[in-house]
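Accompanying notes for the structure given below.
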Amino acid sequence: MNTLLIGFLIGGVFGAILYMGGATSYRRILGTLLLKDMWIIKLMCTAIGVGTLGIYLLDLGGLANLSIKPAYLGGVALGGVIFGIGWAVSGYCPGTCVVGAAEGKFDAIFTLVGGLVGALIFAFMFPTLEAWLIQPFNFGAVTIQELIGINAVYLAVPFSLLLLSMAFLILKDRYE
């Protein structure tokens, strides 16, 4: 099967899960940002926990090909700040704005357009940014397992268990 088709199908399933999980609901997003409604955080912990365990087990079995990207700490830090501001202002992350736009929510459509314009601006600015923001802070394709010298599965299993425990046992909604 074509790789693009597989990616499209996985993206469609992911979007459906976000939609059914209420990740585009204004009340849920606001409750999450106020740390009162933990549903979206639980959804994210579950997705990351299952995904982390799954990808490393697939890699261990030779069924996945992990491609670790270089750690550009300056670019990652600036991108994280821009991402956080965008999420706080719009209430959407990249995945939820696509789902919200598919629902016909105008704020999500504007967020999606803004994200695409931002990506276009970044693409044009990349040669300039690379020289002063990326290359000076390029630490290469470094991983935690390489730094401490153990197999990645031994990190993925406890990390996944921690996230799944948080999702199902620790995080509780706080309504006042």
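The values are calculated or read from the model by the stated rules, or taken from the named source; none is laboratory data. Here the structure is a predicted model, which means the values were calculated and not measured. Quick reminder, even Gly has a Cβ in these numbers, built from the backbone with ideal geometry, and neighbours come from all protein chains shown.
With in contact with a helix residue (DSSP H, G or I) (Cβ under 9 Å, 6 or more places away or on another chain), of a type in the set (Ser, Thr, Tyr) and over 30 Å from Tyr19 (Cβ atoms) as the only criterion, which of Tyr92, Tyr56, Tyr72 stands out?
Exactly one residue qualifies, and that residue is Tyr72.
Being closer than 22 Å to Ile40 by Cα and of a type in the set (D, E, K, R) is the filter here; which residues of the range 140-176 pass it?
Lys172, Asp173, Arg174, Glu176
So Thr24 fits all but one of (1) surrounded by 12 or more Cβ atoms within 10 Å (Cβ to Cβ); (2) assigned to a helix (DSSP H, G or I); what number is the exception?
(2)
Could you go through the range 56-74 and let me know if any residue there is surrounded by 17 or more Cβ atoms within 10 Å (Cβ to Cβ), closer than 19 Å to Val153 by Cα and in contact (Cβ under 8 Å) with a residue 12 or more places away in the chain. Reasoning before the result, please.
Going residue by residue through the range 56-74, those that are surrounded by 17 or more Cβ atoms within 10 Å (Cβ to Cβ) are 56, 72.
Now narrow it down to the ones that are closer than 19 Å to Val153 by Cα: 56.
Now drop any that are not in contact (Cβ under 8 Å) with a residue 12 or more places away in the chain, which leaves 56.
The answer is yes, given that some residue of the range 56-74 is surrounded by 17 or more Cβ atoms within 10 Å (Cβ to Cβ), closer than 19 Å to Val153 by Cα and in contact (Cβ under 8 Å) with a residue 12 or more places away in the chain.
Determine whether Leu129 is modelled with pLDDT under 85 and surrounded by 13 or more Cβ atoms within 10 Å (Cβ to Cβ).
On the way: modelled with pLDDT under 85: yes; surrounded by 13 or more Cβ atoms within 10 Å (Cβ to Cβ): yes.
Yes, satisfied.
One residue is enough: does the range 88-101 have a residue meeting the conditions of a type in the set (Gly, Ala, Ser), surrounded by 13 or more Cβ atoms within 10 Å (Cβ to Cβ) and at pLDDT 90 or above?
yes
So which residues in the range 29-51 are buried (at least 19 other Cβ atoms within 10 Å of the Cβ) and over 18 Å from Ser165 (Cβ atoms), if there are any at all?
Within the range 29-51, Ile29, Gly31, Thr32, Asp37 qualify.
Show the residue pairs meeting these rules: Cβ distance below 7 Å; 6+ apart or different chains; first residue within the range 107-123 and hydroxyl-bearing (Ser, Thr, Tyr); second residue surrounded by 12 or more Cβ atoms within 10 Å (Cβ to Cβ).
Final answer for the pair search is Thr111/Ser90; Thr111/Tyr92; Thr111/Cys97.
Since Gly11 meets every condition but one in (1) at pLDDT below 90; (2) surrounded by 14 or more Cβ atoms within 10 Å (Cβ to Cβ); (3) in a helix (DSSP H, G or I), which condition does it not meet?
Evaluating Gly11 over (1) at pLDDT below 90; (2) surrounded by 14 or more Cβ atoms within 10 Å (Cβ to Cβ); (3) in a helix (DSSP H, G or I) leaves (2) as the failure.
Could you give every pair whose Cβ atoms fall below 7 Å, whose first residue belongs to the range 135-161 and is within 15 Å of Ser67 (Cβ to Cβ), and whose second residue is hydroxyl-bearing (Ser, Thr, Tyr) and surrounded by 12 or more Cβ atoms within 10 Å (Cβ to Cβ), counting only separations of at least 6 or pairs across chains?
Ala152/Tyr56
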